[in-house]
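Notes follow once the structure below has been shown.
What follows draws every value from the coordinates through simple rules; no lab data is involved. Since the model is a prediction, treat every value here as computed from it, not as a measurement. In this analysis, Cβ positions are derived from the backbone assuming ideal geometry, glycine residues included, and neighbour counts consider all displayed protein chains.
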Amino acid sequence: MLVFGTRPEAIKMCPLVNELKRRSDQFEVVVCVTGQHRRMLDQVLDTFDVVPDCDLDIMSMNQTLFDITCHVLLDIKAVLESVAPDIVLVHGDTTTSFAAALAAFYLHIPVGHVEAGLRTGDVYSPWPEEFNRQAVDIISRYYFAPTERARVNLLSEGKPSERIYVTGNTGIDALKTTIVDGYDHSDLTWARDGRMILITAHRRENLGEPMHQMFRAIRRVMEEHPDVKAIYPIHMNPAVREAAHAELDGFDRLRLVEPLEVFDFHNFMAASYLILTDSGGIQEEAPSLGKPVLVMRDTTERPEGVAAGTLRLVGTDEDDIYQAFTELLDDEAAYAAMACSSNPYGDGRASQRIADILGCEL
Ligand code: UD1
Ligand code: UDP
């Protein structure tokens, strides 16, 4: 049974769902979505043609961590008891993943952790994701680490080496299927007559003042660079929308749009000049596309992209973001140094590897 509930989990689990389903002689696959995200999850399910067997449909407006944890934990119990899977696979670091893994643990069902071993070492950053991923790794039987560095993190915590597999990140499997030549879209046509910047932001620890500072910095830089246009597919969290509209409304070179389907978003990334984000998944995708990313966070659990030169951690202070963004727009050498493509997060075959391993282990 695969359990997931948010956009990024779906983008990274659907390739695995489809790979396991292709091997129907070996696996009976049950997909349980929690619906922690509603519309942003459904967008991804549609793109990958995945129809869940079970949908807990837990999302509420402005849900708290208590809401998500309690609803998933209570609602998934009956599903796990009736399906009685041989293994529950969860992904990454969301509260869906944490609560589903905890439920499986309470019922003595083995857990496999896809994208295991990412660490910042600070449980408050990103919050609550660093706790979630560490907690899932305490419970897990199998660890599907995306990189060698993630494997080392797990080993340093005493996880058994024979149960850690370096597979690459399944997010790159998804990315390999979405980018197309000649892609177009009306927002892209509008943005393409200048340098196009792509923006996303949503982290809970950045809600409030840090997010206002990010948006103010972006607006200041863009006001000084008339050739720059920006597309910002805005996360559905009402708190994010409030901050974005407060700081960015009325500036016509920056377009706030609804969340893009992943097929569109990946092609927007490929067409962009640079990306400003606090997202985790985008930090993994951008190196493969050779797109510079200013990461508006204080910590990252994706140091491979920083080492590859594509990512730069700029924090959430308005002046720091202003300086870094200005430098990338004005200094061609600084831009060229970051615009190099590499594949630290995998070759697009992570799902195949995980399916091979499960075929041997189960
Ligand atoms: C969640 C994950 C985070 C992940 C992010 C990806 C947790 C605690 N957080 O954060 O790790 O990086 O997803 O985007 O697991 N909403 C909608 N429709 C949607 C999705 C969200 O209306 O399709 C609104 C709802 O009001 C919801 C709010 O957004 O209450 C926040 O969603 P939530 O899943 O709680 O937090 P995220 O910030 O999205
Ligand atoms: N993404 C998308 N549409 C958008 C913005 C992002 O499909 O409008 C994709 C992006 O390519 C990446 C994932 O969503 O695969 C990242 O999700 P998010 O930033 O919400 O979560 P995180 O990765 O930070 O957990």
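Collect the residues in segment 303-313 that are within 22 Å of residue 213 (Cβ to Cβ) and surrounded by 24 or more Cβ atoms within 10 Å (Cβ to Cβ), keeping them in residue-number order. 311 - this is the single residue of segment 303-313 that is within 22 Å of residue 213 (Cβ to Cβ) and surrounded by 24 or more Cβ atoms within 10 Å (Cβ to Cβ).
Residue check: residue 241 meets all listed conditions (1) part of a helix (DSSP H, G or I); (2) in contact with an Asp or Glu (Cβ under 9 Å, 6 or more places away or on another chain); (3) among the charged types (D, E, K, R) but one, namely (2). Screening residue 182 with (1) in a helix (DSSP H, G or I); (2) over 24 Å from residue 359 (Cα atoms) gives one miss only, at (1). When we screen 187, 181 for residues that are closer than 13 Å to residue 267 by Cβ, surrounded by fewer than 21 Cβ atoms within 10 Å (Cβ to Cβ) and within 14 Å of ligand 2 (Cβ to nearest atom), the only hit is 187. Count of segment 239-262 residues, restricted to those that are under 19 Å from the mean Cα position of the chain (by Cα) and farther than 16 Å from residue 200 by Cβ, is 0. Listed by first and then second residue, the pairs with beta-carbon distance under 7 Å, at least 6 apart or on different chains, first residue in segment 4-26 and outside any loop (DSSP other than H, G, I, E, B), second of a type in the set (Asp, Glu) and within 14 Å of ligand 2 (Cβ to nearest atom), are 12/115; 15/173.
Residue check: residue 8 meets all listed conditions (1) more than 13 Å from ligand 1 (Cβ to nearest atom); (2) closer than 15 Å to residue 114 by Cβ but one, namely (1).
Scanning segment 88-141 for residues that are touching a residue at least 40 places away in the same chain (Cβ under 8 Å) and touching a His at 6+ places or on another chain (Cβ under 7 Å) turns up 90, 97, 114, 115, 136.
Which residues, taken from segment 340-361, are surrounded by fewer than 17 Cβ atoms within 10 Å (Cβ to Cβ) and either among the aliphatic types (A, V, I, L, M) or within 21 Å of residue 29 (Cβ to Cβ) (or both)?
Our first condition is that a residue be surrounded by fewer than 17 Cβ atoms within 10 Å (Cβ to Cβ); within segment 340-361, this holds for 340-343, 347, 356-357, 359-361.
Within segment 340-361, 356, 357, 359, 360, 361 qualify.
One line per residue, one yes/no per condition, for (1) assigned to a loop (DSSP other than H, G, I, E, B); (2) within 14 Å of ligand 1 (Cβ to nearest atom):
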{"residue": "61", "(1), (2)": "yes, yes"}
{"residue": "98", "(1), (2)": "no, yes"}
{"residue": "101", "(1), (2)": "no, yes"}
{"residue": "108", "(1), (2)": "yes, no"}
{"residue": "121", "(1), (2)": "yes, no"}
{"residue": "132", "(1), (2)": "no, yes"}
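Scanning segment 134-168 for residues that are within 15 Å of ligand 1 (Cβ to nearest atom) and under 21 Å from residue 11 (Cα atoms) turns up just one, 136. Would you confirm, using the coordinates I've provided, whether residue 161 is among the hydroxyl-bearing types (Ser, Thr, Tyr), free of Cβ contacts under 8 Å to residues at least 12 places away in the same chain and touching a helix residue (DSSP H, G or I) at 6+ places or on another chain (Cβ under 8 Å)? Spelling it out, residue 161 is indeed among the hydroxyl-bearing types (Ser, Thr, Tyr), free of Cβ contacts under 8 Å to residues at least 12 places away in the same chain and touching a helix residue (DSSP H, G or I) at 6+ places or on another chain (Cβ under 8 Å). Checking segment 100-107 against the condition returns a match, with at least one residue being buried (at least 18 other Cβ atoms within 10 Å of the Cβ), within 18 Å of residue 358 (Cα to Cα) and not β-branched (Val, Ile, Thr). The residues of segment 17-59 that are under 21 Å from the mean Cα position of the chain (by Cα), of a type in the set (S, T, N, Q) and surrounded by fewer than 20 Cβ atoms within 10 Å (Cβ to Cβ), listed by number, are 18, 47.
Just name the residue that is farthest from ligand 1 (Cβ to nearest atom) out of those in segment 28-49 that are of a type in the set (A, V, I, L, M) and out of contact with any strand residue (DSSP E or B) (no Cβ under 6 Å at 6 or more places or on another chain). If you could, list the steps in order and put the result at the bottom.
If we filter segment 28-49 for residues that are of a type in the set (A, V, I, L, M), which is where we start, we get 29-31, 33, 40-41, 44-45.
Then drop every residue that is not out of contact with any strand residue (DSSP E or B) (no Cβ under 6 Å at 6 or more places or on another chain), which leaves 29-30, 40-41, 44-45.
On the way: 29: 23, 30: 22, 40: 4, 41: 6, 44: 10, 45: 12 Å.
Going through the qualifying residues, I end up with 29.
If you check 41, 2, 20, 65 for being within 16 Å of ligand 2 (Cβ to nearest atom) and within 23 Å of residue 174 (Cα to Cα), only one passes: 41.
Looking at segment 256-325, the helices (runs of 4 or more DSSP H) lying wholly inside it that each contain 3 or more residues that are under 21 Å from residue 229 (Cα atoms) sit at 262-271, 281-289.
State whether one or more residues within segment 227-238 are more than 16 Å from ligand 1 (Cβ to nearest atom), surrounded by fewer than 19 Cβ atoms within 10 Å (Cβ to Cβ), in contact (Cβ under 8 Å) with a residue 12 or more places away in the chain and assigned to a helix (DSSP H, G or I). Checking segment 227-238: not a single residue is more than 16 Å from ligand 1 (Cβ to nearest atom), surrounded by fewer than 19 Cβ atoms within 10 Å (Cβ to Cβ), in contact (Cβ under 8 Å) with a residue 12 or more places away in the chain and assigned to a helix (DSSP H, G or I).
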